[in-house]
Structures are given as structure tokens and as C-alpha cells.
1. Just give me the residues in region 290-340 being closer than 19 Å to residue 93 by Cβ, assigned to a strand (DSSP E or B) and of a type in the set (Gly, Ala, Ser), in sequence order.
2. Which condition breaks for residue 357 when tested against (1) surrounded by fewer than 22 Cβ atoms within 10 Å (Cβ to Cβ); (2) touching a residue at least 24 places away in the same chain (Cβ under 8 Å)?
3. Which count do you get for residues in region 255-289 that are among the aliphatic types (A, V, I, L, M), assigned to a loop (DSSP other than H, G, I, E, B) and either in contact with a Cys (Cβ under 9 Å, 6 or more places away or on another chain) or crowded, with 17+ Cβ neighbours inside 10 Å (or both)?
4. For region 86-101, how many residues meet the condition of being out of contact with any strand residue (DSSP E or B) (no Cβ under 9 Å at 6 or more places or on another chain), closer than 14 Å to residue 289 by Cβ and not hydrophobic (A, V, I, L, M, F, W, C)?
5. Out of curiosity, is residue 104 buried (at least 16 other Cβ atoms within 10 Å of the Cβ), at pLDDT 95 or above, in a loop (DSSP other than H, G, I, E, B) and not small (Gly, Ala, Ser)?
6. Conditions: (1) over 24 Å from residue 329 (Cβ atoms); (2) free of Cβ contacts under 8 Å to residues at least 60 places away in the same chain. Residue 378 meets all but one. Number of the miss?
7. For region 357-369, check the following and say yes or no: at least one residue is touching a helix residue (DSSP H, G or I) at 6+ places or on another chain (Cβ under 7 Å) and part of a helix (DSSP H, G or I).
8. With 114, 63 as the choices, which residue is under 19 Å from the mean Cα position of the chain (by Cα) and either at pLDDT 95 or above or surrounded by 24 or more Cβ atoms within 10 Å (Cβ to Cβ) (or both)?
Amino acid sequence: MDRRHFLHALSASALCFGSGTLFAAPAASSLSSSSPARPRLLLVFLRGAYDAASLLVPASSSFYYESRPNIAIARPDPSPDSAIALDGDWALHPALRQSLLPLYQSGQAAFLPFAGANDASRSHFETQDAIELGQGDERGSRNYRSGFMNRLAAELAGAAPIGFTDRLPLTLQGSMLVPNIALGGVGKSALDARQSGMIASMYQDSALAGRVSEGFAVRDEVAQRMAGEMAAANRDAINPKGFELQARRIARLMKDRYSIGFVDVGGWDTHVAQGNAKGYLASRLEELGRGLAAFPAEMGDAWRDTVVVVVSEFGRTFRENGNRGTDHGHGTVYWVMGGGVRGGRIAGEQVAVRPETLFQNRDYPVLNEYRAVLGGLFGRLYGLSAAQLGRVFPGAPPRDIGLV
């Protein structure tokens with residue numbers, strides 16, 4: 001391997017450590033302690049823009065049922081396929097009855113409607129980039145090597161961030177070197193022990209020697225853990241399907257080692273045959289809900305100091321389209337979960353769901369801008385000053401809505 005090429009890979013904060021997996025060499029502080037600095041934060045990004053009006057149903061709005069003759073979730077009633085009333089206005093998709101509902105009822109989950117970015121391009125890529133970078137709405141001035149989660153980690157002493165992704169996401173790119181690894185499957189690394197040793201020896205006498213060795217050490221440790229879990233799954237100890245297994249793996253790593261995590265889940269772009277209480281979207285929500293419910297169970301006592309935030313790039317059209325699906329929209333619903341979350345409620349600024357309150361006569365408006373809301377959450381969670389929050393989200397004054 002050419003040394004110059006390898007240094008270039010390091011400068012991009014990513015080392016190739018296996019098929020489909022990129023792993024950046026972590027800072028030594030992330031490896032020196034088995035108990036990361038508290039609290040812990042996990043951001044779950046639903047890529048593809050999920051239909052928030054099916055998750056958190058505006059059940060008191062007759063306009064909702066007029067707008068969705070085929071895909072609306074039925075008004076709350078004893079039927080197992082109807083929405084589950086949360087308060088006088090909002091109800092939950094029945095696919096989450098066994099997973100998210102108990103967390104909400106115990107005050108460990110809250111929903112934030114009318115949330116999102118001011119970006120109105122309705123482009124997956126534009127809006128995902130805008131959210132991950134957290135730098136504001138001016139596209140021409142964006143620094144694509146400075147994500148808001150990296151900037152947050154840089155403000156926290158002893159932070160240990162990680163991306164549970166096959167490539168380092170934009171939000172974790174920046175001045176800190178951050179590891180990332182895909183946990184979706186267990187496979188043999190593209191680099192065997194001899195090749196790893198050769199690469200490490202190339203940097204034996206350089207300033208990067210420690211970080212390269214540490215990167216390989218973490219890769220090997222995670223691979224060993226995952227191999228053990230696969231053996232247990234073969235004895236029906238762990239459900240091997242979908243996000244639930246991945247969430248359990250994330251919880252184990254965050255409980256023992258990492259304090260800031262990011263994971264993305266795809267498959268939410270439901271233009272056709274979205275379904276209602278049953279169907280494609282319901283299956284996705286059920287799978288996601290199982291994983292999110294498994295996460296606190298796996299975290300154990302550490303759940304008391306953990307916050308999970310679920311976001312998506314934007315919402316979807318309020319009215320169904322001609323294919324019994326929904327198209328790209330604007331405002332969406334965020335989820336906030338954790339042992340110390342002030343949950344059991346619908347949080348943030350809200351408005352009655354009527355034709356005149358829609359954004360451009362088609363979408364939920366954004367009333368709870370994500371940078372302001374997350375800035376308020378981080379300020380409360382970490383005790384950050386206004387100056388520190390200004391470096392995480394420049395130009396976005398924090399708004400504390402009492403999520404923790």
C-alpha cells in the first residue's frame with residue numbers, strides 16, 4: 001500500500017478496514033476508559049423522509065381523514081388497527097403499541113411535531129446535508145468537513161463519538177478523528193492480521209502510530225463481540241433480523257465505550273402503496289420500534305443517562321397522492337427518548353392541522369427548527385454555554401423546550 005495514499009485516507013478521517021466498512025482511527029481518550037463521559041447521546045437518522053402524519057396521527061383533525069381516504073390511520077377506538085390516543089389531538093401508529101407506547105406512557109419518550117430544517121428544497125440530499133452539517137441555510141457557504149455532531153464532541157471534555165455506519169457521515173466529520181463501523185452484519189475483514197501488521201509498521205515511528213494501532217485494535221474488538229453475538233443468535237438468544245439486532249449492538253458499545261453515536265436507517269421514501277395500519281410503512285415502523293425499545297433494555301442502568309433523538313430530513317405531503325403514497329414534504333416529527341427525558345407528552349410549538357396552516361398548501365410547517373431545539377437540548381444535557389452552543393450551531397440561538 002502506498003504510504004502517501006494511506007496518509008490521504010487518514011486526512012479524510014477514514015481507514016478502510018473491511019468490505020463495506022470504513023473505520024477512522026479514534027483518539028486515544030476513546031480507548032483509555034471503559035466508562036465514557038456521561039451523558040450518552042444517540043442520533044438516529046431516518047433517511048428517505050418518513051411519513052410523520054402516520055406515526056403521530058392528528059386524530060382530532062377531520063382534514064386529515066379527508067386528505068387521506070386510503071392511507072389514514074383510523075381514529076382511536078378499541079380496534080387493534082386503530083390509532084392509539086396520546087392526548088386530545090394526537091395518536092400513535094398501532095405498529096408501535098408494544099414498543100414505543102410503553103416508553104411514552106412511562107414518561108421516557110416525547111414527540112416533537114412540526115420539526116425540521118428551514119430548507120424547503122424537498123431534495124433528500126440537500127436537506128440531509130443541511131441537517132447533518134447544522135451550519136444554516138446558505139448552501140454556498142457550507143463547510144462539508146464540519147458536521148454538528150463533530151463540533152459538539154469537540155466542545156465536550158472526554159467525548160467519545162462513533163458512527164455506526166459504513167461510511168463516516170457528514171455530521172461526524174470535522175476536527176476530531178471519529179471512528180465508524182457498520183454493525184449490520186458479521187463478515188471477514190478485508191485485511192488479515194499480516195496485512196494489518198504491515199500497515200501498522202509503516203507508521204511505527206510516526207506521530208500516527210498510536211492512532212493506527214488503536215484503530216485496528218477497536219476493529220478487532222468489535223469483530224470479536226459481533227462473532228460471539230452471531231453464535232448466540234444461532235441458539236435463538238437474539239433476534240437476528242433488522243434494526244433490533246443492530247440497536248442491541250450499538251447499546252453494548254455505547255454502554256461500555258462511546259458517549260456520542262450516530263446511526264441511519266433507510267427505506268422511508270413511500271411514494272407508492274404506503275399502507276395504513278398494515279403494509280409497508282407499518283412494517284418499517286414496527287421494526288424500528290422494536291429496535292428502539294431494545295436499546296434501553298440493553299443499556300440497563302446506563303439508560304438513565306442516555307438520550308436518543310430520532311430525526312428525518314423532512315416530512316411528506318399531508319395529502320395522499322394518486323398512488324396511495326405520499327411525496328416529499330417539509331415539516332416532520334422528531335422523537336426524543338431517554339431515562340431522564342421529560343416524556344409522556346407532545347412537545348414544542350404546535351398548530352391546529354387545517355388547510356390554512358399547511359406550508360405551501362401541502363406540508364406540515366416547520367415551527368420547531370432543529371438547530372434551535374437541539375441546541376436547547378444540548379445546553380441542558382451538557383451544561384454548555386451560549387458561546388459553546390454558538391460554535392455547535394452557528395447563527396441559531398438555542399431554544400430550550402424542556403426535553404430533559
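1. Matches in region 290-340: 312 only.
2. Every listed condition holds for residue 357 apart from (2).
3. Adding up the residues that qualify gives 1.
4. Residues that pass the stated criteria total 2.
5. It is false that residue 104 is buried (at least 16 other Cβ atoms within 10 Å of the Cβ), at pLDDT 95 or above, in a loop (DSSP other than H, G, I, E, B) and not small (Gly, Ala, Ser).
6. Every condition holds for residue 378 apart from (2).
7. No, region 357-369 contains no residue that is touching a helix residue (DSSP H, G or I) at 6+ places or on another chain (Cβ under 7 Å) and part of a helix (DSSP H, G or I).
8. One residue alone meets the criteria, 114.
The values are calculated or read from the model by the stated rules, or taken from the named source; none is laboratory data. Just so we're clear, the structure is a prediction, and the values are computed from it rather than from any experiment. Cβ: placed from backbone, ideal geometry, glycine included. Neighbour counts: every protein chain shown.
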